[in-house]
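Right, one structure below, let's go through it.
Since every read-out is calculated from the coordinates, none of them should be taken as a lab result. Because the structure is predicted, anything quoted here is derived from the model rather than measured. Glycine gets a Cβ as well: all are built from the backbone with ideal geometry, and neighbour counts include every protein chain shown.
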């Protein structure tokens, strides 16, 4: 589930959620979660867009190069 944080276990996750509940309160927690989800979604979309552009640029550069002649 959390590939980028391999050392976080269930107790650590519960502790983080409890601290977030204390800081933000039960009324704001869903709003914070939605904002975090939107931010991650936008980040993933931007990363995918950059990867797609890089792939397109690399393929266009390959097509511009002349084929090498064998002797």
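Put in order of Cβ neighbour count within 10 Å, fewest first, the listed residues 48, 28 become 48, 28. Note on residue 7 and residue 20: the model spin-label points, each 7 Å out from Cα along the C-beta direction, lie 2.1 nm apart. By the compact-protein rule of thumb, 2.2 N^0.38 Å, the alpha-carbon radius of gyration of segment 19-60 corresponds to a ratio of 1.86.
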